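Below is one structure; the comments refer to it alone.
The values are calculated or read from the model by the stated rules, or taken from the named source; none is laboratory data. Please read all numbers here as calculations on a predicted model, not as lab measurements. No Cβ is skipped: glycine too gets one built from the backbone with ideal geometry, and neighbour counts run over all protein chains shown.
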Amino acid sequence: MITFAQLSDTHLDGGERTLERTRRVMRHLDGLPLDAVLVTGDVADHGAPAEYEAARAVLRSPHPVLTCPGNHDRREAFRKALLDEEPSGGPVDRVHEIGGAVFAMCDSSVPGEDHGYLSDETLGWLDGVLGERPGAPAFVCFHHPPVTLGVPYVDGIRLFGAERLAAVLDRHPQVVAVLCGHAHTAAATTFAGRPLLVAPGVVSTLRLPGQDGAVADYEAPPGVAFHTLDDERRLTTHYRAVTGGSSTSA
């Protein structure tokens, strides 16, 4: 059995507010028995090097921290500060094996755009990663949801070309779920016959159509998802809002 947390959309911008909200979430996670912490994109708000230096400090954890970029991130600065690599403009795709499970952290960002797309390079890489480990349960993780969520603002900048990803997943039945962020709201649906689980936002919470107020609620507490894969490969997910040093149901 493995249990891991997923947070998304910290949008660190050099201000104290975003830093404090991210720090609050990480402080809460530090005290929990987790196998990993996933951060599914939009780590920085403007992609500035100083934002990633702040992210490097605040995302420190006793647990392994796995990251992938979002549309607000910039690949070169992301690589240098968070991965200790030479700056490069190619997709930031990384694979990790934790607790017997494979985590494929894919780059769905399109430089200069808000929508998402998995390049041929990334899909080829993913196909190879999954093909090398057919017996291990796998999670495919990236920033942009590959389906509509019923929220026009988010749906217009979702992952496009999703049928190409579905074709890859069809070849690899060991994929347990697809995990993403971007929407700033906890959501659950399906994609390619698997659970598609969307992490809530740290920086803000999306208001749904029909709810009063602006698109984003900046007063709602930051959210996090907790995923547990049991020995029968059954996945259970809980969503929580982190208030102060404790957590309450989202």
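Do you know which of the residues in segment 154-180 that are small (Gly, Ala, Ser) and part of a helix (DSSP H, G or I) is surrounded by the fewest Cβ atoms within 10 Å (Cβ to Cβ)? Break it down into steps so the answer makes sense when it comes.
In the first step, residues of segment 154-180 are kept if they are small (Gly, Ala, Ser); the result is 156, 161-162, 166-167, 177.
When the remaining residues are screened for being part of a helix (DSSP H, G or I), the result is 162, 166-167.
Working: ALA162: 19, ALA166: 15, ALA167: 12.
Among residues in segment 154-180 that are small (Gly, Ala, Ser) and part of a helix (DSSP H, G or I), the one surrounded by the fewest Cβ atoms within 10 Å (Cβ to Cβ) is ALA167.
Can you pull out every residue in segment 84-103 that is aliphatic (A, V, I, L, M) and buried (at least 19 other Cβ atoms within 10 Å of the Cβ)? Steps first, answer last, please.
Residues of segment 84-103 that are aliphatic (A, V, I, L, M), as a first pass: 92, 95, 98, 101-102.
VAL92, ALA101, VAL102 - these are the residues of segment 84-103 that are aliphatic (A, V, I, L, M) and buried (at least 19 other Cβ atoms within 10 Å of the Cβ).
Among PRO152, PRO209, which is of a type outside the set (Gly, Ala, Ser), touching a helix residue (DSSP H, G or I) at 6+ places or on another chain (Cβ under 9 Å), more than 22 Å from PHE4 (Cβ to Cβ) and modelled with pLDDT under 95?
Numbers: PRO152 fails: touching a helix residue (DSSP H, G or I) at 6+ places or on another chain (Cβ under 9 Å).
Checking each option against the conditions leaves just PRO209.
Which of the residues spanning segment 14-26 are closer than 18 Å to ASP73 by Cα and either of a type in the set (S, T, N, Q) or in contact with a Leu (Cβ under 9 Å, 6 or more places away or on another chain) (or both)?
In the first step, residues of segment 14-26 are kept if they are closer than 18 Å to ASP73 by Cα; the result is 14-15, 18-19, 22.
Selection gives THR18, LEU19, THR22.
Which of the residues spanning segment 165-205 are of a type in the set (Gly, Ala, Ser), within 18 Å of the chain's Cα centre (by Cα) and closer than 22 Å to SER119 by Cα? Step through it out loud before you land on a result.
Quick first cut of segment 165-205, residues of a type in the set (Gly, Ala, Ser) only: 166-167, 177, 181, 183, 186-188, 192-193, 199, 201, 204.
Applying the additional criterion that residues be within 18 Å of the chain's Cα centre (by Cα) yields 177, 181, 183, 186-188, 199, 201, 204.
If the condition is that a residue be of a type in the set (Gly, Ala, Ser), within 18 Å of the chain's Cα centre (by Cα) and closer than 22 Å to SER119 by Cα, then ALA177, GLY181, ALA183 are the ones that fit.
What number of residues within segment 107-129 are of a type outside the set (Val, Ile, Thr) and in contact with a Pro (Cβ under 7 Å, 6 or more places away or on another chain)?
The first filter runs over segment 107-129 and keeps only residues of a type outside the set (Val, Ile, Thr), leaving 107-109, 111-121, 123-128.
This time we only want the ones that are in contact with a Pro (Cβ under 7 Å, 6 or more places away or on another chain), so: 107, 109, 119, 121.
Final tally of qualifying residues: 4.
To keep it simple, each residue is scored yes or no on (1) surrounded by 17 or more Cβ atoms within 10 Å (Cβ to Cβ); (2) more than 20 Å from LEU197 (Cβ to Cβ).
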site	(1), (2)
ASP73	yes, yes
MET105	yes, no
GLY131	no, yes
GLY135	no, yes
PHE142	yes, no
PRO146	yes, no
PRO152	no, yes
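Considering ARG194, ARG164, which residue is without any contact (Cβ under 8 Å) to a residue 40 or more places away in the chain and of a type in the set (D, E, K, R)? Can you show your working first?
Numbers: ARG164 fails: without any contact (Cβ under 8 Å) to a residue 40 or more places away in the chain.
One residue alone meets the criteria, ARG194.
Kindly provide the set of residues from segment 191-236 that are among the small types (Gly, Ala, Ser), under 14 Å from VAL178 (Cβ atoms) and in contact with a strand residue (DSSP E or B) (Cβ under 7 Å, 6 or more places away or on another chain), ordered by number.
Kept after step one, since they are among the small types (Gly, Ala, Ser), are these residues of segment 191-236: 192-193, 199, 201, 204, 210, 213-214, 216, 220, 223, 225.
When the remaining residues are screened for being under 14 Å from VAL178 (Cβ atoms), the result is 192-193, 199, 225.
Scanning segment 191-236 gives ALA199, ALA225.
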